[in-house]
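> Can you read through this structure? Questions will come right after.
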Amino acid sequence: MATTLSYACPSTTTSKRFLITSTGQQSQPCSSSACYQGALHSYGLQKQQVQLNSISKAMRTKRLGSVGRQKKGAVRCNIELQDFIGGDLIKLDLGQWLSDVEEHKALAIYSPHEGGYEGRYLTRLKYQGYHFLDLSARGLGDPETTLTKFHPVCPAHVGKQPIARWYFPPEVDYRLSLLPPDAKGLVVWIIEAKVLSKAELQFLALLPTLRPNVKVIAECGNWRKFMWKPLKEIAGLS
């Protein structure tokens, strides 16, 4: 089947026009009117294709330019010394940590979620001569009774043994009696202290007043970096 496109085939002597079939082969010579209409149609298609190419190129250039401007204005980074050395290798606030422990005697700490950073501060207190009593706030019961008084403990009976009640000495007083003569004091380190009520936190904040050789560190939550505040401020005593 012949298309409407036609073209002129010049030769050395004469010019002949032929119709182009769908297979790309030349057929019989065409009339001048058919060749003229086919030439106009072909020229219109070429012109539209050139216009579409130019429009798409302009849109692509504009889009790439706008993305580049957005990235240039949005990217911003703050670099500190710890980014080059490592956040867990250098702690410039250890001196302030030791002075705050001696001054406030009870601190609420907030460590990162991944954990591990608080070990640096614990080790520095251990180097100063402190001994530690590690407790979990979950299952601690009444802090005043557990830490400063004789308190009962009911072991699990598993449904077979009789229900018994054992009495234990005060945790803090018992550990204080076992401290060596060269020990600087006892640090009560309580993990998961965020589950304690305000009344229980207030007692922990006042514990160093009742036992002068005792310091209290309570893990009250998490933050992006290791930080601490006086426990009296968290408990509402200041």
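Bear in mind these aren't lab numbers, they're just calculated from the coordinates by the rules spelled out. Computed from a predicted structure; not experimentally measured. With ideal geometry, Cβ positions are generated from the backbone for all residues, glycine too; neighbour counts draw on all protein chains shown.
> Among the listed pairs LYS194/LYS225; LYS105/LYS126; LYS126/LYS232; LYS149/LYS229, give every one whose C-alpha distance is greater than 22 Å. Intermediate results must be reported in sequence, preceding the final value.
Numbers: LYS194/LYS225 17 Å; LYS105/LYS126 15 Å; LYS126/LYS232 24 Å; LYS149/LYS229 28 Å.
Pairs exceeding the cut-off: LYS126/LYS232; LYS149/LYS229.
> Could I ask something else about it? Taking θ = phi - 60°, what integer Hz values does the Karplus form 6.51 cos²θ - 1.76 cosθ + 1.60 yield along segment 195-212, in sequence order, with x for Gly and Pro?
With the stated coefficients, segment 195-212 comes to 8, 7, 7, 5, 5, 5, 5, 5, 5, 5, 5, 8, 4, x, 6, 6, 10, x Hz.
> Show the residues, 5+ positions off or on another chain, whose built amide H is closer than 5 Å to the amide H of VAL187.
Distant-sequence amide H within range of VAL187: HIS131, PHE132, LEU133, LYS215.
> By average Cβ neighbour count within 10 Å, what is the ranking of 176-187, 214-225 from highest down? It would help to have the intermediate numbers written out before the result.
Details: 176-187: 12.8, 214-225: 18.7.
For the peptides 176-187, 214-225, the packing ranking is 214-225, 176-187.
> Roughly how many whole Å is it from the C-alpha centroid of segment 176-238 to that of segment 90-151?
Centre-to-centre distance over Cα atoms comes out at 6 Å.
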